[in-house]
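J.: Quick one: this structure, given as structure tokens, is what I'll be asking you about.
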Amino acid sequence: MAEPMLPSSGVQELVQRLREEGVAAGRREGEEIVAAARTEAARLLEEARRDAEERTRRSHAAIETERQSARAALDLAARDAVLQLREQLEGAFVRRLQALVAASLREPEILTELAVDALRRVVAAGPSAERAQLLVAESWAEDPQAAGAIDALAATLARDLFQGGVDIVPEQHSGAGVRIHLADRGVELAVTDETLAALLLERLLPRFRALFEGRLVQENDRG
């Protein structure tokens with residue numbers, strides 16, 4: 001059986017229609033591909049942007065952490081340096097004060113005045129018949145000026161306070177000044193560089209530290 005034949009004009013119309021439909025389909029497909037590509041590109045760009053922002057945030061956070069750590073380390077180092085400097089200055093101040101006290105105790109008037117003032121609080125009723133001992137370091141007693149101060153003190157005490165007499169007893173220890181031993185009373189008074197310096201430091205060290213810290217504050221304000 002023979003196949004039906006389309007008129008030549010029908011064939012042309014069919015070809016034209018197929019061509020138009022193919023072109024339209026291709027155009028739609030192309031547009032869909034382009035739209036999908038644009039969407040994917042936008043998604044990739046957004047991910048890249050977020051990733052860059054996250055990296056920047058982490059970088060800034062790391063820099064800030066390092067900055068804070070460095071600042072803390074500098075603050076700690078500065079604090080340690082200040083404490084070390086204060087300790088060194090305090091040590092020099094204490095040594096200087098002790099040296100000044102020791103030198104002062106070599107002066108007969110000063111040694112006698114300090115010792116008599118301390119004893120007046122114990123022997124308040126006037127001269128006593130008891131005997132006193134002046135305990136002094138051998139090395140200090142061998143110093144001519146110190147020995148003269150000790151002799152002057154012993155003479156004053158024997159004349160004004162202790163009718164029983166005063167004995168000078170050298171001891172094997174270092175230091176300046178004397179310790180006055182009253183055996184009958186069971187009392188011993190220390191008029192030494194160590195004792196006097198400690199009493200002075202109770203008053204002077206707080207002032208020294210206040211001046212030191214005040215000086216630091218002034219320097220920081222200027223900085």
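J.: Rounded to the nearest 0.05, what FRET efficiency do R27 and A72 give with R0 = 45 Å and r taken as the Cβ-Cβ distance? Could you check?
T.: 0.10
J.: In whole Å, what are the Cα extents of the range 149-208 along the three principal axes, biggest one first?
T.: 45, 25, 24
J.: Give me log10 I(q)/I(0) at q = 0.18, 0.20, 0.23 Å⁻¹ for the range 105-201, Debye formula, one equal scatterer per alpha-carbon, no solvent.
T.: So the normalised log intensities work out to -0.76, -0.95, -1.25.
J.: Here's another thing I want to ask about it. By how many nm would the segment from D51 to Q172 lengthen if fully extended, with 0.36 nm per residue of separation less the alpha-carbon distance?
T.: The span from D51 to Q172 would gain 35.4 nm if fully extended.
J.: Taking R0 as 45 Å, what FRET efficiency do you get between Q84 and S139 from their Cβ-Cβ distance, rounded to the nearest 0.05?
T.: Working: r = 33 Å, r/R0 = 0.73.
Step by step, r from the Cβ atoms, then E = 0.85.
J.: Assuming 0.36 nm per residue, please report the length gained on full extension of the stretch A62 to A99 beyond their Cα-Cα distance.
T.: 7.8 nm
Each value in this text was obtained by applying a stated rule to the coordinates, not by laboratory testing. This is a predicted model, so every value here is computed, not measured. Here the Cβ is made from the backbone with ideal geometry for all residues, glycine too, and neighbour counts use every protein chain on show.
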